[in-house]
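A quick write-up on the structure given underneath.
The values are calculated or read from the model by the stated rules, or taken from the named source; none is laboratory data. Owing to the predicted nature of the structure, the values given are computational and were not obtained by experimental measurement. No Cβ is skipped: glycine too gets one built from the backbone with ideal geometry, and neighbour counts run over all protein chains shown.
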Amino acid sequence: MTAPPTRSVRVWDLPVRLGHWLTAALVLVLWITERWNWMGWHVAAGTILLGLVLFRLAWGVMGSDTARFARFLASPRAALHHLRHLFVREPDREAGHNPAGGWMVLVLLGLLLAECTSGVLVNNDVADQGPFTDIMPAWLANLLTDLHTMLFQVIVAAVALHVAVIAIYALAKGQNLVRPMVTGHKSLPPTVPAPRLAPWWRALPPAILAAALAAGFAWFG
């Protein structure tokens, strides 16, 4: 059978792609620095990650079509329907996140935001105290310490699931989801309209604001 015609479509803007790979790298750095007890580097990486997450949340409101939550968040029923065809080999028809992938993005962002926030507030007898430790009761500080540890394990599991699903898409569905996140382009049928992508410079104001908020939150007091 002849493969259906496709054309190259730019679907991911530069801020989304840079943010995606930087986030992945920082999660790895956080794991390594925690294992080796390099808390100075751990705090620095966590602060940068908090800024990235805040930026992604802002870009999800004001960014490109494929970055906006309102554009790619489908109903849970639509996500479950999509997963029923997970092992069906078919051409890619999604300009951005598919219905299930959109929910995975939201879950990962929520987990990362909670982890970074708890990291700022954490009270750890081995590591440095958080900047808000002195103004919170001991029971709350200890609870946040436990939460910080537990959440990272959940993030590792979520990332492993994310990678596994990407592998299933490549092997079972014949869809390469990694290449578009590197190049920004997908091969899509002519019936799929190209998304509107915001220019990269529009990301500068929210990126600067997110960095300032993360730094201020982490170093408060």
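Quick rundown of the values:
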read-out	value
Hits in the stretch 94-144 - residues which are at pLDDT below 85 and β-branched (Val, Ile, Thr)	VAL120, VAL122, VAL126, THR133, ILE135
From VAL192, VAL178, residue being β-branched (Val, Ile, Thr), under 23 Å from PRO4 (Cα atoms) and over 20 Å from the mean Cα position of the chain (by Cα)	VAL192
Residue list for the stretch 41-61, restricted to those being of a type in the set (A, V, I, L, M, F, W, C) and over 26 Å from ALA198 (Cα atoms)	TRP41, VAL43, ALA44, ALA45
Selection from the stretch 51-88 of residues that are in contact (Cβ under 8 Å) with a residue 40 or more places away in the chain, in a loop (DSSP other than H, G, I, E, B) and of a type in the set (S, T, N, Q)	SER64
Which listed residue, of ALA215, ALA158, is over 30 Å from PHE87 (Cα atoms), surrounded by 14 or more Cβ atoms within 10 Å (Cβ to Cβ) and within 21 Å of the chain's Cα centre (by Cα)	ALA215
Which listed residue is crowded, with 16+ Cβ neighbours inside 10 Å, modelled with pLDDT of 95 or more and within 25 Å of VAL29 (Cα to Cα), from PRO195, PRO206	PRO206
Selection status of VAL11, surrounded by fewer than 20 Cβ atoms within 10 Å (Cβ to Cβ), of a type outside the set (D, E, K, R), over 14 Å from the mean Cα position of the chain (by Cα) and modelled with pLDDT of 95 or more	no
So TRP201, is it at pLDDT below 95 and among the aromatic types (Phe, Trp, Tyr)	no
Output for the stretch 147-179, where each listed residue is part of a helix (DSSP H, G or I) and in contact with a Phe, Trp or Tyr (Cβ under 6 Å, 6 or more places away or on another chain)	ALA172
Scan of the stretch 191-221 for residues that are within 10 Å of LEU54 (Cβ to Cβ) and in contact (Cβ under 8 Å) with a residue 60 or more places away in the chain, ordered by number	PRO206, ALA207, LEU209, ALA210, ALA211, LEU213, ALA214, PHE217
